[in-house]
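> Got a structure for you, questions after.
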Amino acid sequence: MSDPSITVYRDGPLMLRGDVQIVDQDGNVIDPGREKTIALCRCGKSRMRPFCDGTHNVIRFRAPGALENGRE
Ligand code: FES
């Protein structure tokens, strides 16, 4: 399997690819229900957080698909 990666999608979720394990703050494994690609909610409005359920489209979430320059 390839090295894990996270892709930031414009106006959408964070896509995890590769061999990663998601755990809660107590170390309990969270089963994403799939193996290859996992979408993590970035808009905060999903009803199945930490996973994306597509609500970002409904609320017209806007965010860049790259690094914001708020640090400068
Ligand atoms: S990013 Fe998709 S529901 Fe939040």
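The values are calculated or read from the model by the stated rules, or taken from the named source; none is laboratory data. Remember, predicted model here, so these are calculated numbers, not experimental data. Cβ coordinates were reconstructed from backbone atoms using ideal geometry, including for glycine residues, and neighbour counts include every protein chain displayed. Note: areas computed on protein heavy atoms with side chains; ligands, DNA, RNA excluded. Shrake-Rupley method; radii C 1.70, N 1.55, O 1.52, S 1.80 Å.
> Note down all Cβ pairs under 6 Å where the first residue falls in the stretch 31-43 and is in contact (Cβ under 8 Å) with a residue 12 or more places away in the chain and within 15 Å of the ligand (Cβ to nearest atom), the second is aromatic (Phe, Trp, Tyr) and assigned to a loop (DSSP other than H, G, I, E, B), and they're at least six residues apart or on different chains.
43/61
> Then there is this: Within the stretch 2-13, does at least one residue satisfy the condition of being among the polar types (S, T, N, Q), part of a loop (DSSP other than H, G, I, E, B) and either open to solvent by 70 Å² or more (accessible area, probe 1.4 Å) or away from the ligand (no atom under 16 Å from the Cβ) (or both)?
Within the stretch 2-13 (the criterion being among the polar types (S, T, N, Q), part of a loop (DSSP other than H, G, I, E, B) and either open to solvent by 70 Å² or more (accessible area, probe 1.4 Å) or away from the ligand (no atom under 16 Å from the Cβ) (or both)), the answer is yes, since at least one residue qualifies.
> Name the single residue that is least open to solvent (accessible area, probe 1.4 Å) among those in the stretch 44-68 being near the ligand (Cβ under 6 Å from one of its atoms) and within 24 Å of residue 28 (Cβ to Cβ).
46
> If a residue must be in contact with a helix residue (DSSP H, G or I) (Cβ under 6 Å, 6 or more places away or on another chain) and among the basic types (Lys, Arg), how many such residues does the stretch 20-72 contain?
Count: 1.
> Check residue 53 against each of (1) touching a Ser or Thr at 6+ places or on another chain (Cβ under 8 Å); (2) of a type in the set (D, E, K, R); (3) in contact (Cβ under 8 Å) with a residue 24 or more places away in the chain and name the one condition it does not meet.
(3)
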